[in-house]
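The values are calculated or read from the model by the stated rules, or taken from the named source; none is laboratory data. What you are looking at is a predicted structure, and each value in this text was computed from that prediction instead of being measured. Note: ideal-geometry Cβ built from the backbone for every residue, glycine included; neighbour counts use all protein chains shown. For accessibility, only protein heavy atoms count, side chains too; no ligands or nucleic acids. Shrake-Rupley method; radii C 1.70, N 1.55, O 1.52, S 1.80 Å.
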Amino acid sequence: MYELVYNSIAVPHDLDDAALLGVVAGARKRNRALGITGLLLYHRGEFVQLLEGERDAVRSVYFDVILRDPRHTSRSEE
């Protein structure tokens, strides 16, 4: 089992409930199809996520999906 943990700043920083539910729904669908499990935390505009599964699947989701998702940034806008 391969594990990856990251944190990021949400864009916009104050996601509303609908936007946050959209993030969760998309992640659940994609991760289930790839056999990835984990944990997603959101608090005050920041994400922390643990992804676990087969190495190639986890790395693909992180590098090809999450890092390219405009709802995440590694920089604080404050």
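Per-residue 3J(HN,Hα) values for the range 59-67, derived from phi via the Karplus relation 6.51 cos²θ - 1.76 cosθ + 1.60 with θ = phi - 60°, read 5, 5, 4, 5, 7, 9, 10, 5, 5 Hz in sequence order (x marks Gly and Pro).
Rounded to the nearest whole Hz, the Karplus-based 3J(HN,Hα) values (6.51 cos²θ - 1.76 cosθ + 1.60, θ = phi - 60°) of the range 15-22 follow the sequence 4, 7, 4, 5, 5, 5, 5, x, with x at glycine and proline.
Using a cut-off of 12 Å between beta-carbons, work out the net charge of the residues near Tyr2 (Lys and Arg +1, Asp and Glu -1, Tyr2 not included).
Net of charged neighbours comes to -2.
Using a probe of 1.4 angstrom and keeping all protein chains present, the accessible surface of the chain works out to 70 square angstrom per residue.
Along the axis of the charge dipole computed for the chain (Cβ charges of +1 for Lys and Arg, -1 for Asp and Glu, origin at the Cα centre), the listed residues Thr73, Val11, Gly38 are led at the positive end by Gly38. From helices alone, the chain scores -9500 deg cm²/dmol at 222 nm; the rule is -39500 (n - 2.57) for each run of n ≥ 4 DSSP H residues, then divide by the residue total.
Applying the Karplus relation 6.51 cos²θ - 1.76 cosθ + 1.60 with θ = phi - 60° to the range 6-13 yields 3J(HN,Hα) values of 9, 10, 8, 9, 6, 10, x, 4 Hz, where x marks Gly and Pro. Rounded to the nearest percent, how much of the accessible area of the chain (1.4 Å probe, protein heavy atoms only) is carbon and sulfur? Here it works out to 52 percent.
Once divided by 2.2 N^0.38 Å, the Cα radius of gyration of the chain becomes 1.05.
Taken about its Cα centre, the chain carries a charge dipole of about 280 debye when Lys and Arg each add +1 at the Cβ and Asp and Glu each add -1 at the Cβ.
Give me the percent relative contact order of the chain, please, defined on Cα pairs under 8 angstrom at least 6 residues apart.
That works out to 47 percent.
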